Each structure stands twice: as C-alpha cells, then as structure tokens.
1. Bins of 20 Å, beginning at zero and ending with the bin holding the largest distance: percent of Cα pairs per bin for the chain, please.
2. Explain nothing, just compute: Karplus ³J(HN,Hα) = 6.51 cos²θ - 1.76 cosθ + 1.60, θ = phi - 60°, for every residue of the stretch 377-382 in order, whole Hz, x for Gly and Pro.
3. Within the set Lys564/Lys648; Lys57/Lys89; Lys57/Lys371, which residue pairs have Cα atoms separated by over 24 Å?
4. Less than 13 Å apart at the alpha-carbon level, and either on another chain or at least 8 residues along: which aspartates and glutamates does that give for Lys500?
5. In the stretch 506-622, what % of DSSP beta bridges are antiparallel (nearest 5)?
6. From the phi of every residue in the stretch 232-243, what ³J(HN,Hα) in whole Hz does the Karplus formula 6.51 cos²θ - 1.76 cosθ + 1.60 yield, where θ is phi - 60° and glycine or proline is x?
7. In bins 10 Å wide, starting from 0, what share of all Cα pairs of the stretch 315-403 does each bin hold, as a percent?
8. Determine one quarter of the surface area of the Cα convex hull of the stretch 425-536, which equals its mean projected area, and express it in nm² to one decimal.
Amino acid sequence: MRRINMVLVGSVVLFLTASLASAGDWAHWRGPEHNGISRETNLVADWNLDGKNILWKSDIGGRSAPIILDGRVYLNCRTHHDVTDPVDKINAREQVVCWDAKTGDLLWKDEFNVFQTDIPSPRVGWASMAGDTETGNVFVHSVSGLFRCYSPEGKVLWETSLAEDYGKISGYGGRTQTPIVDENRVIVSFLQLNWGKTASPPPKQAYYAFDKKTGKLLWTAAPGGAPLDTNYSVPIVTVIDGTRMLIAGNADGGCYAMNARTGETLWGFQMSKRGLNTSPVADGKYVYISHGEDNIDTVDFGRVQCIDGSLRGDITKTGSVWRVDGIKAGYTSLLVKDGILYVVADTGRMYAYDSKSGKELWTYNLGTVGKGSPVWADGKLYVMEVNGNIHILKPSREKCEELSHVQLLARVDKGMDEIYASPAIADGRIYFVTRDRTICIGDKNRKPSSDPVPPLAEEKPMQDKIASIQLVPYEVAVTQGEKIDYEILAYDANGRFIKKVDGKLTPGPGMEAVKVDGMSVTTPSDLKAPAAGTVSVKVGDATSEARIRVFPPLPWKFDAEGLKGKQVPPAWVNAFLKLQPNEVDGTTAFKSSPGKGRPSASIWLGPSNMSELAPNGYTVQADVYLKEQKRKLASLGVTVNRYDLILKGNSSKLAIQSWAPHKRMAKEVKFRADPDTWYTMKLKVDIKDGQAVVKGKAWPRDKPEPEEWTIEATDPHANTEGSPGIYLYRLADGYIDNIIVSEDK
C-alpha cells in the first residue's frame, strides 16, 4: 500500500530529557535555552570587516538567524538571482545553505521553488531553521509552506506541505514562524483553514506538533481567537510551577501557554489589537513579552509586559506583574539576565529594566530601527540594528558601555547593509547574518570555553491516573483500502507521558465504512470520490479523535449536484465558504463571490504528493462561468503541480503562473472570456530531465476541444509534486463545475 503525506507509522518514542543540552551548539535561533543567552566565555570584544578577528565570510546572506549544530552552520534564505531581471528571475528560488562552522566552506545547499504565495522575494527565507541535538537533523519552514527535515548531509528525510495538506494561509508580508524542537516533537505554527472542524472562518493560528523523526502528526492546538494580523512570534519551551509549557505570542494579540506535550491551553493573556511578533522569554515563573501596536486598554502604542506564568485560564486581568506602556518594541524579542530585562525598541533605543519591578535602569541609543534580537554572552551584549550596525556592549545595572561598533555598507547595492537576524554563538565563534553576507568572528588562538547550560526546572512527579490521551497519528491522507495503525498515548494531569494504552476505535462521521481491527483501521476500497472523516477512542473518561482523508484511484469527478447549503466535497482543503453550491444557467455549480480578506485563494483537492496516485502525472479540467459586477470580472483557474492556469476575466487573458508577485515563470496570451458564457479549462504538466512544460487550454464549452494547447510555458526548475487545485481571484461572482482530475498515461 502507498502512503501519502510522508506519514510513517512506527512506535512513538518519548524523550523525557530536554533538547536544550549543549553550549557548543546553537540549534535554536535564540540558543540552547531559547532566550538569547550563551554560556560561552573568552569571546572577542571587537572586530572589523577588514580582517580583525574575522574567521570567514560568505557572500550568501539572508533575513533569518543562522543555527549551528555539530560543527555546521545552517541558513534558510533566497538565492542571489534578481527578480527584476527578465532573464535571471526564472532562477530565483529559496534555499537551505550549510557551511563548515570552522572554515566557512560550503558543504551543501538545496534550492527549491517558491510557489502559491504572495510573499515577495526580499522576504523569502523569513523563518530561521531549527536543529535537533539528538539526531543532528535540521528543519526548515519555507515561505510556500514546505516543512522539511534534512539530514546533516542535506538529504530530505521527510516533508509535508502545510498549505496543501493542512490549509496554511500565506500572507504577503512574509511573516513565517520558526519551528522549535522539543523532546520527540518538532512544532511549527501558522494561520490555517483546513477541512472538517477546522474549515470554518475565521482562520486560527494553529500549532502543529510532528514526530521529529518520521513527520507523523501528533497533535494540533489553536489557543487563540480570530487573527488580527499575521505574526512571527516563535514559541519557547520552559518549565513553570512544575509544568512543561510551550509559550508564544499569537496573531490575535495575546500571549498563550500550552502544555508542551499535549497542546492543552494553560493560560492566555490579551495585550494588543494587532498580532504579536516578538517571542517571549521566561525567568522562573515570570514571562516577558512586548509589542509595538495598540494596547487593548490604553491609547498608548507599545508595551513591555511581565506575566505571572504560574496562573491558569484567562489571566488578562490577573496575570500582570508589571508593565510599561508607550515602548514600541514590536520586532525584537526581549532578553533577561541577572535581574535585568533588555528591550530593543523599534526606534533603535535599548532599555534596561529591573526584571522584578519594571523600574527603568538606563537607556542606550543603538541607531534608528532595532530588529535583530539581542544575545548575551561572556558579560557582553551582541546587538544588531537594521541599518547595518552591529554593537558589542558591556552592560551593568548602572550603565551600558560600547566595546565595538561596526557599520556595514551594502555589498550589492548603495547605502547600508540591512540586518534582521539575531547573532548566533557556538564554539568560541560568533555568527552574524546580514542581507548581503554571513560573517564569522572570533580568535582562532583562543580555546573555546563555556559554563554549563543549566537544565530546565524540575517537573512535578508523574502520576498514575490518566487525565488525557492522544490518538496518533492525528491526521493522515491515505489511499483507499489502506491500513492505518494507531497508538494511544496516555498523559497525567500535568502532561507527563505515562504509557501507551489500548482502546476500542470508533468510526466517526465520514469514516463509517472503515474496518476496525484492534488498533488499526482499513479504509474503504470501493470509493467513488475522495472522502474525509474521523475515528475516535475513549479510555476511561478521556477521549481523543483522529482525522483521515482517503483518496481512490484517479479519475476524480466533482460537481455540485446534490450538495446543499454551504456544503463542499469533504476532503477539499480551504474550500468552505469560498465555494458554495448555487444555481446558475440551469445547473448547480460551485459559486465563488467577493468577500472579506484577500481576493486570491487556492482550494486543494488532493494530497500534496500526487505522484503516489499518478506516477506519470495528472491533468485537471473544469468548466468556468463569469458574471460581470460593477464592471468587473473574476479570475478563475485550475492548478497542477503548483502551477496555475488562470482565465483573467478583467484583462481578457489566459495566464500560466506559479509565484504571483514576481512571475518567476509565467506567460500570458490574449483570450476573451465573455460573461454569462461557459468555458472549459484544461491543464497538464510534462516533466523531463528536471524541466517542466506547462500546457493549458481554454475554449467555449459548447465547442469541440481544440487539438492544440492554447498556452505553453517552460520551467527549468520543475515542480514535481503538488495537489490538484482550483484558483480563485474574487473580484466578482464566478462559477466552477465539472471538475475532473485524471491520470496521465
């Protein structure tokens, strides 16, 4: 049987030791303790780009922070190609780069396409990578929603597409969350609208916990409300009052704590009328976080907040220990060390506060805008400012002294270099990533040394009584007739893993026809169309549910006949309310209408790795019908392998594209689509020797299909996978009907 979605069934191994182990690694964007503190000593206090204390430089730069693991430096960034150059832009992509940490030698890089996103090139590679100190593997969250696990040698061990498989919503601002590794889990967050219970607007910011070795989805959590903005706050893991917590800022303007092993919401603290972008830090039971937007309860913009993280529930009114309003600190994360809280404000000014009382100790002017989060090491602060400034400072409770200040000119353009990334420190070396370069500084004659990394606080003892259970895997996409093996993981009231248990699986809505055999289910083998539903289990008073999508062999045929109200086919992702069955021209079709939010949307009809179902490729065909409203027409299209064929009603063109902001590979031809007329669209992709030839047709439905393709475009960097889909640009009402996904022969 074939598995879809890279979900591998195997035993779940729970590691009860923290992943915050080695001072010689910087596997998290803010270091071994998730807080910007390095325990290394004997570090350099000054340097310059001309050669003083420079160990190596690279012309590859980026926006995200580097990580260092087992003597290797990893960075997620865009390639160097110019998206404004008509010839060069077809090569513009995203990449993962790996250097030798000591020498700067390039060990490997993996380039991959940007697709199905409104994120522009300067914001590609926003999220930092995450490393696993146990296996040496590293993880990347791309702007297109690819979530990958690499071996140290650059082999892709597993991959999932967060957009196509789980309904990730891509904004245009590039704010992509950095993953975090904790015990056996790698956790990543994003805004999403999926299927079933998670299909209904408004979208939620969700946290997805995957088994770090297999890519199996363990659980999801969505603790907040409707998003007020996209965000890029990165979770931290800490132990407060004996409970292991995952704490992060949310797109709804609140800060939330979840149980790090189960995803259960522990507390929430509302702060802002916009999403939070800074990451929290913790010191004992105190959690510190800031923002630069409207406060929910004052007219001031910005706040620095200390929260009592030992409380439970909605602690907005009860959890404030102290706060300082009017400090716009919406970009950089805070740092707390030796009773001092350091805050780099959006204005480029750094503030120091007594961490227990909130009393201001001093301020220090860095520059104009602070974006890279500060790092403390060896009694020094390493602080970045966006306009090319790198500071090494010596702080105390009384003042802040400058040890070094280097200002970097742009390498590839005029003016100053730009810095968004935080520094990284490992094995006596300090790494800076700027837009135009990566720099490693240190003294090769100094022997690296470090104080021990303190362990997390002790957790409450494990209890025998089961308080909650998880049915794993939480969500899968499989072929019909396939067997899914489940495990039930039992936890105590504090979220400590107790043991695996047995239980009776019960088919839920949409999966009534599955066959249950012990801890396994076998999906139906006679499906006429893709199906979706749930199975559940109960152990004592604890219950858990798992989600399944099942895909029969091609062809698939979809129409709206028999659907009522707001129904859409159950296995479609991101379709609910974007498409609704409606009468038009004597038939029932899927209606798309203008609404709130961005007019563009992609609906996913199948799994992201369609080569499991169609090894030779597949074709998507659909009928479309445009209505004119306020002198506007919609644009409608179909998707194959992450390429869109779009009938652009307003401009009377037929287009092929993949990355809309830059038209990396794109082509348009004239094609007049009259309103109140049915047209048929057809798209296929031929792949040979790594190159894709994308072929599209469109013709009046009442006419014979033309033999020739209406439009063709070539991509030298082929998308070899991708879910079949429907593309919407909702400027006016449009209708889609008779959708067919067929296998190429």
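Throughout, read-outs are computed from the coordinates displayed, never taken from laboratory work. Being a predicted model, the structure only gives us computed values, none of them experimental. Please note: Cβ atoms are built from the backbone with ideal geometry, for glycine as well, and neighbour counts cover all protein chains shown.
1. 17, 49, 30, 4, 0
2. Couplings: 7, 6, x, 10, 10, 10 Hz.
3. Violating the 24 Å limit, Cα to Cα: Lys564/Lys648; Lys57/Lys89.
4. Straight-line reach from Lys500, under 13 Å: Asp464, Glu487, Asp492.
5. Counting DSSP beta bridges with both partners in the stretch 506-622, the antiparallel share is about 95 percent.
6. The phi angles translate into 9, 5, 9, x, 10, 10, 8, 10, 10, 6, x, 10 Hz.
7. Cα pair-distance distribution for the stretch 315-403, in percent: 17, 52, 25, 5, 0.
8. Details: hull surface 56.7 nm².
Averaging across all directions leaves 14.2 nm² for the Cα convex hull.
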